[in-house]
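Encoded as structure tokens, the structure appears first; notes follow it.
The values are calculated or read from the model by the stated rules, or taken from the named source; none is laboratory data. As the structure is a computational prediction, the values presented were derived from the model and not from experiment. So basically every Cβ, Gly included, is an ideal-geometry build from the backbone, and we count neighbours across all protein chains shown. Note: areas computed on protein heavy atoms with side chains; ligands, DNA, RNA excluded. Shrake-Rupley method; radii C 1.70, N 1.55, O 1.52, S 1.80 Å.
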Amino acid sequence: MNGRSTTTPGPTRGHRLARLLGTVALAAALLSAGCADRGDDAGSTSEAPAGAEQAQPGAAEAPAADRAEVPPAGAGERAAEPSTELGVGQRAIVYTGSVTVRVDDVEAAAASAVGIATGAGGFLGGDNRSSDESRSEATLQLRVPADRFGAVVEEIARLGEQLRRDVKTDDVTEETLDLDARIATQQARVESGRRLLAQAKSLSDLVMLESELAKREADLASLEARKRRLADLTALSTITAVLLGPNARAPEDDEPSTGFLAGLDGGWTAFVASLRILLTVLGALLPFVVAIGLPVLGGIWLSRRLRGRASRRRAPAPTPQSPPVPAQSSAPPD
């Protein structure tokens, strides 16, 4: 104290320069940190889609079998699409046809038709022949491979004069695919039932599981039978060959035409059919009439006869009538 004063020296030029440099360095550090943070955010955003699949929990640990059993969304639609895009050779098509041919010799033509079918790898499925003095014809059911269907029909048509041809196709591809899926499902159900049956502990469980397994096996057998039937129809086509002799009438000739004669023929046919039905009914009732009607009529006749005799016995005897007395005329005296 003693009149002395203490003064704080002011900042020098060096101190001010050092503070300025420190402030600039701090600002630069903060600015670089902010840029780095924005760059990290942008990098993480750009890398997120690429690692999205790897970031899913449990994706890497899932076994191959599980991934196979659980297909991704939309896989069913993608798998079903090729079935509608199958080529003609890959589709299941049932061919059926009939051809009517007029030939000079039915027996020779029938033998040729059977030879054509067997030569194509098929066989004779049915043979129906009729022959008399007025006409002769044969109807053959031929089974031939589907890929030879058209060629066999053409060869049979060239045996004589073709009168009629009818060819039909039936696409059973969807039905075949559906049967395959149902058979696979039913087979899995049968296997599951067998496993459960092997693990049955009580008699009631055993009986119940045996009944259920028998039902599942029957359903599976029915589906497999339908599949075999479809496979047979698609593998072997059916051709009905109708061979007519020179005098045989074609099927279309039997169809009635229109007009007065056609109406008359139809009316006569209906009258004959009605008369035939009436005679059939009368023939069926005749035994009942004989067995029941005759005794009834005999009883009625006998009762009337007995009633007449009884009435005659009860009737009183007639009284004799005296002859009439002639009337006397009163004449005046003479």
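Examine the stretch 120-127 for a residue that is touching a residue at least 60 places away in the same chain (Cβ under 8 Å) and of a type in the set (Phe, Trp, Tyr), and state whether such a residue exists. No, because not a single residue in the stretch 120-127 is touching a residue at least 60 places away in the same chain (Cβ under 8 Å) and of a type in the set (Phe, Trp, Tyr). Here the helices (runs of 4 or more DSSP H) wholly within the stretch 54-153 that include at least 2 residues being open to solvent by 40 Å² or more (accessible area, probe 1.4 Å) and at pLDDT below 90 are 64-69, 75-80.
When residues in the stretch 182-191 are screened for being open to solvent by less than 60 Å² (accessible area, probe 1.4 Å) and closer than 17 Å to residue 229 by Cα, 1 of them pass.
Here's the yes/no breakdown for (1) under 29 Å from residue 106 (Cβ atoms); (2) part of a strand (DSSP E or B); (3) more than 53 Å from the chain's Cα centre (by Cα):
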| residue | (1), (2), (3) |
| --- | --- |
| 231 | no, no, no |
| 238 | yes, yes, no |
| 249 | yes, no, no |
| 268 | no, no, no |
| 275 | no, no, no |
| 283 | no, no, no |
| 286 | no, no, no |
| 295 | no, no, yes |
| 304 | no, no, yes |
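Of the residues making up the stretch 167-177, one or more are open to solvent by 60 Å² or more (accessible area, probe 1.4 Å), among the hydrophobic types (A, V, I, L, M, F, W, C) and in a helix (DSSP H, G or I). Screening the stretch 241-297 for residues that are touching a Lys or Arg at 6+ places or on another chain (Cβ under 9 Å) and open to solvent by 90 Å² or more (accessible area, probe 1.4 Å) and picking the one that is modelled with the lowest pLDDT gives 249.
Cβ-Cβ contacts under 6 Å between residues 6 or more apart (or on different chains), taken from a first residue in the stretch 204-228 that is over 14 Å from residue 192 (Cα atoms) to a second residue that is in a helix (DSSP H, G or I) and basic (Lys, Arg), are listed as 223/182. Whether any residue in the stretch 308-326 is among the aliphatic types (A, V, I, L, M), at pLDDT 65 or above and closer than 30 Å to residue 159 by Cα is what I want to check. No, the stretch 308-326 contains no residue that is among the aliphatic types (A, V, I, L, M), at pLDDT 65 or above and closer than 30 Å to residue 159 by Cα.
So, residue 334, is that one charged (D, E, K, R), open to solvent by 80 Å² or more (accessible area, probe 1.4 Å), farther than 30 Å from residue 161 by Cβ and at pLDDT below 60 or not? First the steps, then the outcome.
On the way: charged (D, E, K, R): yes; open to solvent by 80 Å² or more (accessible area, probe 1.4 Å): yes; farther than 30 Å from residue 161 by Cβ: yes; at pLDDT below 60: yes.
Yes: the conditions hold for residue 334.
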